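None of the figures in this text is laboratory data; all of them are computed from the coordinates on show. Every value quoted in this text rests on a predicted model; they were computed, and no experiment measured them. Glycine gets a Cβ as well: all are built from the backbone with ideal geometry, and neighbour counts include every protein chain shown.
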Amino acid sequence: MVENAKEKKIKVLRSDHEGEFLSNKFKTFYENHGIKKQLTTTHMLHQNGVAKRKNHTILDRAQTMAIDNGVPDYLWTKTVNTITYLTYRNPSRSNNGFFPEHVYTRVLPNLKHLKVFGYLVYVHVGKKQEGKMGSKSIRCIFAGYNKASKAYHCF
């Protein structure tokens, strides 16, 4: 995605010794794309501390948001995805107060579409439910943003 969006080639990928990046499938991918793989030393958090802290921050925020809004456990993935989505649309000290999304795309993000996670929403379904006087919407919980379109995730 980065290569396509920015027309720049990924040269090096650094990760810890977690299993997902050590598989033969990834090894073949790295080799086929000319990507150099670097691994940090096992249990040496200072070597990949920024990424670990960012992951902990995202998980802590997701847990807080889910508990605060009474969101069920089965929406955990949606909760984490929403926190990540919002994080890149918030000003960041490490980017001198700019939005990470703005730094990456050079376009200020539009924030008018943001909704409160876990709140009750009514989703328009088009046809009336249960006869002439039936509702044209259903009650749902707002559960995040669709990356591929302007749609929302609702359950």
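Over the Cα atoms of the chain, each weighted equally, I'd like the Debye log10 I(q)/I(0) at q = 0.10, 0.11, 0.15 Å⁻¹, rounded to two decimals.
-0.55, -0.65, -1.06
Would you mind ranking ASP16, ASP60, ASP73 so that the residue whose beta carbon has the fewest other beta carbons within 10 Å leads the list?
In increasing order of surrounding Cβ atoms, one gets ASP73, ASP60, ASP16.
Need the list of lysines near LYS11 for cross-linking: C-alpha distance under 23 angstrom, and skip anything on the same chain fewer than eight residues off.
The reachable lysines, counting only those whose Cα sits under 23 Å from LYS11, are LYS25, LYS27, LYS36, LYS37, LYS52, LYS54.
Arrange SER15, SER149, SER23 by Cβ neighbour counts within 10 Å, fewest through most, would you?
Ascending Cβ contact count within 10 Å gives the list SER149, SER23, SER15.
Work out the charge dipole of the chain with +1 on the Cβ of Lys and Arg and -1 on the Cβ of Asp and Glu about the Cα centre, then indicate which of THR105, TYR152, ALA51 is farthest towards its positive end.
Selected residue: THR105.
What nm value, rounded to one decimal, do you get for the distance between PHE155 and SER94 when each label is placed 7 Å out toward the C-beta?
It works out to 2.9 nm between the two label points.
Once amide H atoms are built 1.01 Å from N in the peptide plane, which residues 5 or more positions from TYR145, or in another chain, come under 5 Å H to H?
HIS153
Would you grab the residues whose amide H sits under 5 Å from the one on VAL121? Only those 5+ places off in sequence or on another chain, please, with H modelled 1.01 Å from N.
CYS140, ILE141, PHE142
Say R0 is 30 Å: what FRET efficiency, to the nearest 0.05, do LYS25 and THR77 get from their beta-carbon distance?
Efficiency, rounded to the nearest 0.05: 0.85.
So what are the ³J(HN,Hα) numbers for segment 91-108, from phi and the Karplus equation (6.51, -1.76, 1.60; θ = phi - 60°), rounded to whole Hz, Gly and Pro as x?
x, 10, 4, 5, 10, 6, x, 8, 6, x, 4, 5, 4, 6, 9, 6, 10, 5
Using each residue's phi in segment 21-31, evaluate 6.51 cos²θ - 1.76 cosθ + 1.60 at θ = phi - 60° and report the 3J(HN,Hα) Karplus result to the nearest Hz, with x for Gly and Pro.
These are the phi-based 3J(HN,Hα) values: 9, 9, 5, 4, 4, 5, 4, 5, 4, 4, 5 Hz.
Give me the one-decimal nm value for the distance between modelled label points at LYS136 and THR84, 7 Å along each residue's Cα-to-Cβ direction.
3.6 nm
What stretch of the chain, leaving out the sites themselves, is the longest with no trypsin sites (Lys or Arg not before Pro) in a DSSP loop having at most 11 other Cβ atoms within 10 Å?
Longest stretch, sites excluded: 12-105.
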